[in-house]
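Below is one structure, written out as structure tokens; comments come after it.
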Amino acid sequence: MSQKINIAIDGHSSCGKGTLAKYLAKELGYLFIDSGAMYRAVTLYILNEGLSLEEVNEDPAVLGNIKIHFEFDPEKHFYETYLNGVNVEKEVRGMRVSKFVSPVSTLKVVRDFLVSQQQDIGKDKGVVMDGRDIGTTVFPDADLKIFMTASPEIRAKRRYEELGKKGVHVQYQEVLHNIRERDHIDSTRAESPLAKAKDAITLDNSSMTKDEQARLSLSWAKGVIQSLTIQ
Ligand code: DC
């Protein structure tokens, strides 16, 4: 039987980490975990309870009331996020959560709370997890680490076109500004900043198609699995 591995996918926002992680999980029959959705679910809980960041910091026990899980919808071929038993997939992607998730994810108490759950999910291997600190903090021993990036201009162009297709009209310059700002916040925060793990492979997809990066990454994963299986 082939050896199961954990795959850590980190990188900048709007790089296609989720798309690649889902693809690899499907091809390998692994579990896909969107760690960003976990930060979003905690943010939704804090907003719904009307808690301030100071209150959460002073009394991290409130986080004990939060139960997050994912359920796979075979029709949509999509993992949906549940908060305390309620499907919150739509709410966690909305602007109300998006605006507040960055400050929430800078809190050490929140990171400690989620990282321990993420490590627990990965303890039996067979997980593809995407985020910002997976290769550095969550799974420092992951057998395959991919660090995705692309130029801010290319990411902004892709995001701009994607929003346009959804009928959301924004200025390209506004999207580019938002991407640069998020890069800055993610890379400079004190707790687990976005950083490439020393042993991660960089995947700059500025001039690659989705298919090319998918095929390349799957070949890396299969190579690692094979090398561990025959050892
Ligand atoms: O990947 P995303 O945009 O859904 O992530 C939402 C936010 O959570 C984003 O501001 C960065 C943060 N995040 C994080 O700090 N660590 C992770 N492992 C994943 C996401």
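Of all the criteria given as (1) within 16 Å of the ligand (Cβ to nearest atom); (2) touching a helix residue (DSSP H, G or I) at 6+ places or on another chain (Cβ under 7 Å); (3) closer than 15 Å to I134 by Cβ, the one not satisfied by K22 is (2). For the range 93-105, indicate whether the set of residues that are modelled with pLDDT under 95 and more than 13 Å from the ligand (Cβ to nearest atom) is non-empty. Yes, the range 93-105 contains at least one residue that is modelled with pLDDT under 95 and more than 13 Å from the ligand (Cβ to nearest atom). Any chance the range 35-57 includes a residue that's more than 16 Å from the ligand (Cβ to nearest atom), surrounded by 15 or more Cβ atoms within 10 Å (Cβ to Cβ) and within 15 Å of the chain's Cα centre (by Cα)? So far as the range 35-57 goes, no, none of its residues is more than 16 Å from the ligand (Cβ to nearest atom), surrounded by 15 or more Cβ atoms within 10 Å (Cβ to Cβ) and within 15 Å of the chain's Cα centre (by Cα). T81: in contact with a helix residue (DSSP H, G or I) (Cβ under 6 Å, 6 or more places away or on another chain), within 13 Å of the ligand (Cβ to nearest atom) and hydroxyl-bearing (S, T, Y), yes or no? Against the criterion (in contact with a helix residue (DSSP H, G or I) (Cβ under 6 Å, 6 or more places away or on another chain), within 13 Å of the ligand (Cβ to nearest atom) and hydroxyl-bearing (S, T, Y)), T81 qualifies.
Take the residues in the range 39-67 that are touching a residue at least 60 places away in the same chain (Cβ under 8 Å) and not hydrophobic (A, V, I, L, M, F, W, C), then tell me which one is nearest to D112 (Cα to Cα). My answer is Y39. The set of residues in the range 3-34 that are among the small types (G, A, S), surrounded by fewer than 22 Cβ atoms within 10 Å (Cβ to Cβ) and part of a helix (DSSP H, G or I) comprises G18, A25.
Residue-wise test of (1) under 13 Å from S13 (Cα atoms); (2) without any contact (Cβ under 8 Å) to a residue 40 or more places away in the chain; (3) crowded, with 17+ Cβ neighbours inside 10 Å.
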| position | (1), (2), (3) |
| --- | --- |
| A150 | yes, no, yes |
| L163 | no, yes, no |
| H184 | yes, yes, no |
| A195 | yes, no, no |
| K198 | no, yes, no |
| I201 | no, no, no |
| M208 | no, yes, no |
| Q213 | no, no, yes |
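Of the strands (runs of 3 or more DSSP E) lying entirely inside the range 125-231, the ones with 3 or more residues being within 16 Å of the ligand (Cβ to nearest atom), among the aliphatic types (A, V, I, L, M) and at negative phi are found at 127-131.
The values are calculated or read from the model by the stated rules, or taken from the named source; none is laboratory data. Predicted model only: the values in this text are computed from it and were never measured. No Cβ is skipped: glycine too gets one built from the backbone with ideal geometry, and neighbour counts run over all protein chains shown.
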